[in-house]
Amino acid sequence: MNVLSFGRLKANWVVWILALNVCSFLVAFSSVLAAHEFTLQKPLRWGYYDFPPYIYTDEHGDPAGEMAMVLDGLMNDLDIPYQPLVYPNRRFIKLLEEQQLDFSFSVKASFKQPENVIFSRFPIRIVEFRVYWLNGETPNVTQVEDLIGKPLLTIAGFNYGGLTDTPPFNEMRSTIVENHERALNALVLGRASYLLAYRFPIEQAILNTDSVSLNYFSVRKTPVFMALNSKVANASELMSKLENSYQKLFSKQNITDND
């Protein structure tokens, strides 16, 4: 009689131990799913603007260029589906601030509501702004103040990382040109004496132009960060994973415009 009771008691304990193990597994599995919840959401809405050669829309309507390759590498590494959405520069910044987009590569100073965005701890690119003029045909300038009262060309849709919203640029009148290629042509044709432009795009435009000799001075170098909508599921953890993925895949990449 005592042996039978002990056997039943032992069997009950075995059942209870098995049940506890199953519960522990389910809790742990649920935690894993929660930790990777962002991989189960709808595609990440990646906003970008045409800014060749860094990033642009190719003849097939797909994003191309250096930053498109970086984005695709990150998403593939983390197994995150994404949806590329192209907008004018200032429009996509506004949409990200309003949390209607999820992710971008951006300059912090471009945002008026940075509290709605989580930025990466480190920049993934450094862009340089320069003032250009025709060599031997235009007086040299050595500081921004030298441009006051001078005819200046700028690129449509860009505030140069907030530069043109601050003195003395916000007090200057400029001729706005659609893109860097047309801006370079306008400078060569004498539509203005000086051009405020991004270094790498202008250098690429020069390659497609008949021989031209330019002088310049560097105005500013500005970091570009990964920017994530703070309302995205597990946003802080996701940004940490993006940072780790970037360092794993691209840590040896030169993030400054090549000399």
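The values are calculated or read from the model by the stated rules, or taken from the named source; none is laboratory data. These numbers come from a predicted model, not from an experiment. Neighbour counts run over all protein chains shown; Cβ positions are idealised from the backbone, glycine included.
One table, with the values for the structure above:
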{"read-out": "Top-ranked residue of region 94-137 - restricted to ones that are of a type in the set (S, T, Y) and closer than 24 Å to L71 by Cβ, ranked as surrounded by the fewest Cβ atoms within 10 Å (Cβ to Cβ)", "value": "S120"}
{"read-out": "Hey, A233 under 21 Å from the mean Cα position of the chain (by Cα), at pLDDT 95 or above and among the small types (G, A, S) or not", "value": "no"}
{"read-out": "Any hit, region 218-231, residues being outside any helix (DSSP H, G or I), out of contact with any Lys or Arg (no Cβ under 7 Å at 6 or more places or on another chain), surrounded by fewer than 18 Cβ atoms within 10 Å (Cβ to Cβ) and free of Cβ contacts under 8 Å to residues at least 24 places away in the same chain", "value": "no"}
{"read-out": "Where N208 falls short, out of the listed (1) surrounded by fewer than 14 Cβ atoms within 10 Å (Cβ to Cβ); (2) under 22 Å from Y48 (Cβ atoms); (3) polar (S, T, N, Q)", "value": "(2)"}
{"read-out": "Within region 200-230, considering residues that are under 30 Å from V141 (Cα atoms) and of a type in the set (A, V, I, L, M), the one farthest from the chain's Cα centre (by Cα)", "value": "V212"}
{"read-out": "Options V117, V107, V141; residue that is touching a residue at least 12 places away in the same chain (Cβ under 8 Å), of a type in the set (V, I, T) and closer than 13 Å to N229 by Cβ", "value": "V117"}
{"read-out": "When residues of region 76-93 are limited to those that are within 14 Å of the chain's Cα centre (by Cα) and not in a loop (DSSP other than H, G, I, E, B), the one surrounded by the fewest Cβ atoms within 10 Å (Cβ to Cβ)", "value": "R90"}
{"read-out": "Filtered residue count, region 138-180, keeping only those that are within 22 Å of S106 (Cα to Cα), surrounded by 12 or more Cβ atoms within 10 Å (Cβ to Cβ) and among the charged types (D, E, K, R)", "value": "1"}
